[in-house]
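Some notes on the structure that comes next.
Computed from the coordinates by the stated procedures, all read-outs in this text should not be read as laboratory data. Bear in mind that the values here come from a model prediction, so they are computed numbers and not experimental data. In this analysis, Cβ positions are derived from the backbone assuming ideal geometry, glycine residues included, and neighbour counts consider all displayed protein chains.
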Amino acid sequence: AQSVTQLGSHVSVSEGALVLLRCNYSSSVPPYLFWYVQYPNQGLQLLLKYTSAATLVKGINGFEAEFKKSETSFHLTKPSAHMSDAAEYFCAVTQSYNTDKLIFGTGTRLQVFP
Amino acid sequence: EPEVTQTPSHQVTQMGQEVILRCVPISNHLYFYWYRQILGQKVEFLVSFYNNEISEKSEIFDDQFSVERPDGSNFTLKIRSTKLEDSAMYFCATGRGAYEQYFGPGTRLTVT
């Protein structure tokens, strides 16, 4: 079975600081991995995805994530946080075949302080 | 930019009543999904739908749930007899391909 673990339910950074949101996955088959962002009272917006091409994936709003098979990780980073990045971030995994259902992590709430 | 839309944004219903949640997919999307998020819990997969039939469903998606595309555009989730534990945010997602899901803003269902 597949699963995703997001370390840290809350992360706080100062504006301009590095953002690092952690995601580790478990999968017995090659995974596809995703990061979604949810702003207050809105739906889930796809930030970026890894589908077995380049291991370093660039997404919207300056975010990127690196797939590291040896560490079973897919951490999300942004060099410089902006106030507008404050939101909840979800990591999700699916298999590369047989299914496309997304298995989500519990989410990490990012706070950005001025 | 095209978006997935969902109606209503909030639905309050009494236990035992039927509810229908509606989703308008992005035009030319062929894959459709429903997920739900109970307050304070993970987003959970309910069902996927492709080529006018269910392609996969979770254990949650029992006989009380059904999905359809009645007019070729809207994608609906029906709960026949709601229970208190059905209270959740229900998200519709659609995609051109199987591995790119775009989510709607959700319908908050409250069962009293």
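Quick rundown of the values:
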quantity	calculated
Over chain B, relative contact order from alpha-carbon pairs under 8 Å, at least 6 apart, %	39
The range A:1-68 - Kirkwood radius from inverse mean 1/r over Cα pairs (Å)	13.6
Inter-probe distance in nm under a simple model that places probes 7 Å from Cα toward Cβ, at residue B:39 and residue B:56	3.0
Residue-averaged beta-carbon neighbours from other chains (10 angstrom radius) around B:99-108	5
Proximal lysines to residue A:58, defined as alpha-carbon separation beneath 28 angstrom and excluding residues fewer than eight positions away on the same chain	A:49, A:68, A:69, A:78, A:101, B:42
Positive-end residue, the protein assembly as shown charge dipole about Cα centroid, Cβ charges, pick of B:95, B:41, B:111	B:41
Chain B - Debye-derived log10 I(q)/I(0), Cα point model, q = 0.13, 0.16 Å⁻¹	-0.43, -0.66
Listed residues A:30, A:76, A:10: farthest to the positive end of the dipole of chain A (Cβ charges)	A:30
15 Å beta-carbon shell around residue B:10, net charge (K/R +1, D/E -1)	+2
Reachable aspartates and glutamates, given that their alpha-carbon falls under 17 Å from the alpha-carbon of residue B:57 and they are not under 8 places away in the same chain	A:100, B:44, B:68, B:86
Centre separation in Å (Cα based) which lies between the range A:84-104 and the range B:66-104	17
Fluctuation leader among A:43, A:16, A:59 - chain A, Gaussian network, Cα springs under 10 angstrom	A:43
Cα gyration tensor shape for chain A, rounded if a/c is under 1.5, else prolate or oblate	prolate
Top of B:17, B:101, B:37 by mean-square fluctuation, Gaussian network on chain B, Cα under 10 Å	B:17
Cα-derived Rg to Rh of the protein assembly as shown, Kirkwood definition	0.97
Candidates per GluC sites (Glu not before Pro) in the range A:1-90, loop by DSSP, up to 14 other Cβ within 10 Å	A:15
Other-chain or far-sequence residues with amide H under 5 Å of residue B:30's (modelled H)	B:95, B:96
Percent breakdown of C-alpha pair distances by 10 Å bin, ordered from the shortest bin, for the range B:60-112	20, 48, 28, 3
Choice from B:39, B:21, B:84 showing the highest fluctuation, given a GNM over chain B with Cα pairs closer than 10 Å	B:39
